[in-house]
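Data first, discussion second: the structure below is written as structure tokens.
The values are calculated or read from the model by the stated rules, or taken from the named source; none is laboratory data. On a predicted model such as this, the values are computed, not experimentally measured, just so you know. Cβ coordinates were reconstructed from backbone atoms using ideal geometry, including for glycine residues, and neighbour counts include every protein chain displayed. Surface accessibility is based on the protein's heavy atoms, side chains included, excluding ligands, DNA and RNA. Shrake-Rupley method; radii C 1.70, N 1.55, O 1.52, S 1.80 Å.
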Amino acid sequence: MDRPSVKTMRIDAAGDAQAESDLTRFIIPVGFMGIIWIVTFTGGNYLLMSTIEEKGTRVMEVLLSATSPTGLLAGKIVGFAAVSAVMLAMYLAVIVVLVVLFAALDVISPGDAVLGVVFFLIAYLMIAAIMAGIGSAVSDITEAQSLMGPVMVVLMLPMLLIPIIIESPSSTVAIVFSCIPPLTPFVMVMRIAASPEGLPAWEIAASIGWS
């Protein structure tokens, strides 16, 4: 009835075997998901506060005289996306340095890095749309906080699912939550980083298309 212990050995190009650290197997998925979560919510929060401030100071009315509401919000989302991309690049630079210092470059493949950027863009657009919607619907930060409560409860679910997804990235729970926007990008990043053998291509394509 006991769960069998699994010992993973990594073979390098020279044929030398090295045991894979369980700590590394845990930190990499959590680290990548955490960075995307922090960056997207930081950018989304700036977008929310900017929208509320412009409405409160009547700047929004002046801007709407020169453009449409859709164009204004789309421009704000794209502008803050550039800021979030710079923040992500800074965090990733620190991670690359740490990975090089710990000689763990083989743990992250270039394909996984590309998918991480794709899911970051998806996550940001989802969070930014939610924040912009909340900001356009309220007139002050107090009203925004009341609407942010249910949103934060839902978006905190990836944090609660960390042990389950890292232990079994192809489990039914992981697959189900991969199909629930806006949780999809956060869950998929963890699944990709926690799966040594990789996920099926159709699951990745379906999650990107569904999001």
Rg/Rh for segment 104-194, where both radii come from Cα atoms and Rh is the Kirkwood radius: 1.06
Separation between Cα centres of segment 115-136 and segment 138-178, rounded to whole Å: 14
Percentage of interatomic Cα-Cα distances in segment 55-97 larger than 17 Å: 50
Packing-based ranking, highest mean first, of 31-39, 149-157 given that Cβ atoms within 10 Å are counted: 31-39, 149-157
Long-range Cα-Cα pairs in segment 135-178 (distance over 18 Å), rounded percent: 46
Accessible surface ranking that places the most exposed of Tyr46, Tyr124 first, with a 1.4 angstrom probe: Tyr46, Tyr124
Charge tally in the Cβ shell below 13 Å around Gly198, where Lys, Arg are +1 and Asp, Glu are -1, Gly198 excluded: -2
Where the Cα pairs of segment 115-156 fall when distances are cut into 10 Å bins, in %: 27, 47, 21, 5
Base-10 log of normalised Debye intensity for segment 58-211 (one unit scatterer per alpha-carbon) at q = 0.19 Å⁻¹: -1.26
Reciprocal mean inverse distance between Cα atoms of segment 154-207 - Kirkwood radius, Å: 10.8
